[in-house]
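One structure is given below, encoded as structure tokens.
The values are calculated or read from the model by the stated rules, or taken from the named source; none is laboratory data. Fair warning: this is a prediction, and the values are worked out from it, not measured in the lab. Cβ: placed from backbone, ideal geometry, glycine included. Neighbour counts: every protein chain shown. Protein only, heavy atoms only, side chains kept; ligands, DNA and RNA dropped before computing areas. Shrake-Rupley method; radii C 1.70, N 1.55, O 1.52, S 1.80 Å.
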Amino acid sequence: MTRNHRPPAALAAIVAALALATSATAAPAVEEPKSPLGLSWTPGTPVALSPGVTHTTWTETTRDNRAAARVLQVVEIDPTAGATTLEGFVGTGDSTAELVTDQLAAVSSVAARRPHAGVNGGLFQREPAGTAPDKAVHTSASAIDGVLHSSSCWSSGKGSTGAVIQYGIPYITKLLTDMRLTAPTGETIRIDDADRAPGRVPHCARDQFDVKVSASPLVYSDPNEIVVFTDDYGTPVPAPGIDPTGAATTDQGFEVVLDANGVVTDAHQGRGGITVPTGGRILQGIGTGAAWLRARFVRDDRATIDTKLHDVTMDRDIPLDASVDVVSSFHQLLRNGDIPAELPNSCSGTRPGDVNATLICTDSRTALGTDVKGHPVLVTLTGQANEDGDYLRAFATLLDSQELGLIDVINLDGGGSTTLVTGTQVRTPPTDVENGVKVHRKVADTVYTGVGGYGMYAK
């Protein structure tokens, strides 16, 4: 029988490869450097809150110039292990800040269907002193069940960071909102924003016409606006003069009331003090916005409001239906497993460290993201009995630790707003003071995981 003999060169290559393999097997394994979390933090035993929802607390062992250790709390949601969902919520009314516990309790009247866990949501700004103390306005793109409650920041047409939550999974991107009002004549005009007083623009410009009028709090103004109020607003719509320091808000304006079919039930001079009808809308205009409404709408006319949510990153529109919630943010902490170069190392509150004069950041932090398994993750960083946290980039570096396996993460509202609730128990310390007593801060919205047929089940 004839055999095919290997040429000497091929034989030599095989011998060399075997030698390399043997050498590689014998070589000692190179230990990966420990992550920031692995170096200075110790995990507790994971606690199952429900099938598919796990809560883990990490405690700081090296205190990093602090008098007391901080705690990092992580809630991982596995939609393949149970009928779980992830959603946003505004509580009993979009205009009113509420405790996270109250918002979560309002999700369902049935105890068995109440959320397993939840955190405070996007950034918001309280309305000026002299108005109702719990009035709050979202500061960027926000939506619940496909209904926009706030426009995105303009940012020269680049939009603002947000998490689109659909079918129980958050998708982090840059967003631009666009709302249009069409009159019976067929004429169309842009609606500037939703669920806030016209003329007073909180925290970021919504278009190129908004001019900064205050640095603390950060407020912009526009004397020519149209704002739409949804029936989620929950209280009577604002009257003129909500901010005496902003002349635009004193404009008496013009108001149009729409029923659930978009039919005008009232159109009148002045504005404020009435409640949005169920399923309906109220339009408030000031300046040229008021003139546009006044010239085009009378009772029994029909108005059409078209709302678009544009994904700037993918250059596509996201259909707004009942499956879509949007949580606002200004900063993405991790993008594809890396810390974005543009992430600032910002901090609102600092103090000297425990050992030396080096400043430490005391901003508590809240984050929302996804991990390598595609699971949604909620995170908080606080002190054990007080507000404490870290600079923004330092927080991102901690979240970039291999033990957590996070891929995409956004920063939610932090500081005194940071709140984590599991079941009915608040896991984060109170930070605000009312009548000499420490209390948890009321917030504009929440993100929660609870009972639902989303994730793998919906698909």
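Okay, here's what the table says:
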quantity	calculated
Residues of the range 33-56 that turn out to be within 18 Å of GLN425 (Cβ to Cβ) and either open to solvent by 40 Å² or more (accessible area, probe 1.4 Å) or among the acidic types (Asp, Glu) (or both), as a count	6
Every residue from the range 384-406 that is within 19 Å of the chain's Cα centre (by Cα) and open to solvent by less than 20 Å² (accessible area, probe 1.4 Å)	GLY389, LEU392, PHE395, ALA396, LEU399, LEU406
Options VAL426, VAL409, VAL443, VAL437: the member that is open to solvent by 40 Å² or more (accessible area, probe 1.4 Å), of a type in the set (A, V, I, L, M, F, W, C) and touching a residue at least 40 places away in the same chain (Cβ under 8 Å)	VAL426
Search result, residues across the range 34-70 that are in contact (Cβ under 8 Å) with a residue 24 or more places away in the chain, within 18 Å of CYS361 (Cα to Cα), not small (Gly, Ala, Ser) and not in a strand (DSSP E or B)	PRO36, LEU37, ARG63, ASP64, ASN65, ARG66
Filter result for THR431 (at pLDDT 95 or above and either within 30 Å of PRO51 (Cβ to Cβ) or in contact with a helix residue (DSSP H, G or I) (Cβ under 8 Å, 6 or more places away or on another chain) (or both))	no
Identity of the residue in the range 284-303, open to solvent by less than 40 Å² (accessible area, probe 1.4 Å), outside any helix (DSSP H, G or I) and in contact with a Gly (Cβ under 7 Å, 6 or more places away or on another chain), that ends up nearest to THR249 (Cα to Cα)	ILE286
Filtered residue count, the range 411-428, keeping only those that are at pLDDT 95 or above, in a loop (DSSP other than H, G, I, E, B) and among the polar types (S, T, N, Q)	3
Restricting the range 246-269 to residues that are under 27 Å from PRO217 (Cβ atoms) and of a type in the set (Gly, Ala, Ser), the residue that is most open to solvent (accessible area, probe 1.4 Å)	ALA247
Top-ranked residue in the range 362-411 [being in contact with a Leu (Cβ under 8 Å, 6 or more places away or on another chain) and among the small types (Gly, Ala, Ser); ranked as nearest to THR422 (Cα to Cα)]	ALA367
Condition check for ARG196: over 16 Å from SER329 (Cα atoms) and surrounded by fewer than 24 Cβ atoms within 10 Å (Cβ to Cβ)	no
Residue list for the range 98-122, filter: assigned to a loop (DSSP other than H, G, I, E, B) and crowded, with 24+ Cβ neighbours inside 10 Å	PRO115, HIS116, GLY121, GLY122
Yes/no for THR92 being in contact with a strand residue (DSSP E or B) (Cβ under 6 Å, 6 or more places away or on another chain), open to solvent by 20 Å² or more (accessible area, probe 1.4 Å) and farther than 16 Å from GLY423 by Cα	no
Residue match in the range 306-316 (condition: β-branched (Val, Ile, Thr) and out of contact with any strand residue (DSSP E or B) (no Cβ under 6 Å at 6 or more places or on another chain))	no
Some residue of the range 306-321 being open to solvent by less than 20 Å² (accessible area, probe 1.4 Å), out of contact with any helix residue (DSSP H, G or I) (no Cβ under 8 Å at 6 or more places or on another chain) and more than 23 Å from GLY122 (Cβ to Cβ)	no
Unique match (being among the basic types (Lys, Arg), in contact with a Ser or Thr (Cβ under 7 Å, 6 or more places away or on another chain), open to solvent by 20 Å² or more (accessible area, probe 1.4 Å) and over 18 Å from PHE330 (Cβ atoms)) among ARG180, ARG190	ARG180
Count - residues of the range 332-383 that are of a type in the set (D, E, K, R) and surrounded by 15 or more Cβ atoms within 10 Å (Cβ to Cβ)	4
ARG335 being more than 26 Å from GLY416 (Cβ to Cβ), of a type in the set (D, E, K, R) and touching a residue at least 60 places away in the same chain (Cβ under 8 Å)	yes
Every residue from the range 199-217 that is open to solvent by 50 Å² or more (accessible area, probe 1.4 Å) and in contact (Cβ under 8 Å) with a residue 24 or more places away in the chain	HIS203, GLN208, VAL213, PRO217
When residues of the range 107-123 are limited to those that are among the hydrophobic types (A, V, I, L, M, F, W, C) and at pLDDT 95 or above, the one nearest to PRO430 (Cα to Cα)	VAL119
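Quick grid of which residues meet (1) at pLDDT below 95; (2) in contact with a Pro (Cβ under 7 Å, 6 or more places away or on another chain); (3) not basic (Lys, Arg):
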{"site": "ALA357", "(1), (2), (3)": "yes, no, yes"}
{"site": "PRO376", "(1), (2), (3)": "no, yes, yes"}
{"site": "THR382", "(1), (2), (3)": "no, yes, yes"}
{"site": "ASN386", "(1), (2), (3)": "yes, yes, yes"}
{"site": "LEU398", "(1), (2), (3)": "no, yes, yes"}
{"site": "GLY405", "(1), (2), (3)": "no, no, yes"}
